[in-house]
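Structure, as structure tokens:
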Amino acid sequence: MRANSLALRLFLSATAWTIVILIVTGIVLSSLYRQAVERSFDRRLGVYLRTLVADVAAPNDAQDKFPQSVSEPLFELPLSGWYWQVTRLDITTPDIRASRSLWDGGLPRLPDAVQAAIPGALRQGYVSGPEDQRLRLVERVIDLGDEGRFLVSVAGDSVEIDEETHAFDRALAITFGILALVLLLITAFQVQFGLAPLKRISQGLAAIRAGLAERLEGRFPVEIDLLARETNALLEANREIVERARTHVGNLAHALKTPLSVMVNEAASRGDDPLAVKVREQIDIMRDQVTRHLERARLAARMTVVGSITDVYPVVQALARTMEKTHHDKGLAIRVDAPHDALFLGERQDLEEMVGNLVDNACKWAQTRVAIEVSAEMPEPQRPSLRIVVDDDGRGLTPSEREQVARRGRRLDESKPGSGLGLSIVLELASLYGGSLTLGTAPIGGLRAELVLPAA
């Protein structure tokens, strides 16, 4: 799931950047193309302008034939969008000559008056012409000395520029659209293919946590192989640490049992001597504390192991048979109702210890029968859980007694064998696995112990 989420984020990020880059590139290319079209349009207008300038500078005897060289038919068509105009500037009443296409109108001047005063300077820009046409205009001031000073202007309809630019923009949009689609497909493939090894590692780690594997298997790309090898090394080191901790715990337990047994025997040989009685009392406390802390250390070490999976049915059946033999003198009937596919997300010995303590406690107090029921549950949105219920037909417990027996070392009946640690061990183990133990009243009359554990 996390690998898929990463792939989605990378794909969305690549998509966003691809779109942004294509849009910026499209805008730049469109602007450059429009400038190129304008330059080409200006060169066309410049040809007409130079022709008019040549006619203006012609000898006086040729002025009656003005213009002599401009043969563009659009200049003859009224309001065609193509116009020329020659204005004499050095007289009070300007002498204006214009193309027939201007009809009764005139061409405006470009706004930069300073540059307009410079003879020979060529200027171009956009102006509004007749019928509110948007014109591309070029103009030039020529000074003929005594013959006069003239402003020569030529304008063309900018619709041609706009149409050329729009056609290019449409072609660019289609091209970039196809390019974007191809790039996104390539990006999706690269992201999916590139993250496939990480997805395999994620699935492998999930399998390890679920107890389906012990290490990351398979070949990985060079960039990922080091991560896989280091992960396997870390898992192996973790297992070694846990095994050493278990070994130390076992050695410590064995080392303490012998001195305590010697002290108990020596105190017992002195009978009811006050000192001996006190020693036995303190030894019992020491045994309880040693058992408690060794058990906690063992459980904590065990919980650092990456998860494993245990079949519940054979464990429960084996415990039922064992308890029937252990308590054969009572003639108990132990009924087991457990699905064959129930799985516990944890170690077998922990399940045996928890269920074994509950069944053993039920057998001690039962009159004739004990019932063990196992069921798997899938509460949403929580992870799947395993529900194990142990009922007996004994005398049961009151709410205050249930609270008391759950405390470490507390026993309601000293005539029953045991140290009083069973239920407290079950509680600690269940809590370490994120489960719980609840005591209540069984339908068959005795105590009900309900154990909830994580399921696979």
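Taking 0.36 nm per residue of sequence separation and removing the Cα-Cα distance, the E243/L144 pair yields an extension gain of 24.8 nm. The label point for R43 and the one for L29, both projected 7 Å from the Cα toward the Cβ, are 2.2 nm apart. Region 226-242 and region 320-340 have their alpha-carbon centroids 42 Å apart. Please report the spacing between the Cα centers of region 353-398 and region 189-211 in Å, no decimals. Centre-to-centre distance over Cα atoms comes out at 39 Å.
Rule-based calculations on the coordinates, nothing more; no lab input. Predicted, not measured: the structure shown is a model, and the values here were computed from it. Every residue, glycine among them, receives a Cβ derived from its backbone with ideal geometry; neighbour counts consider all protein chains shown.
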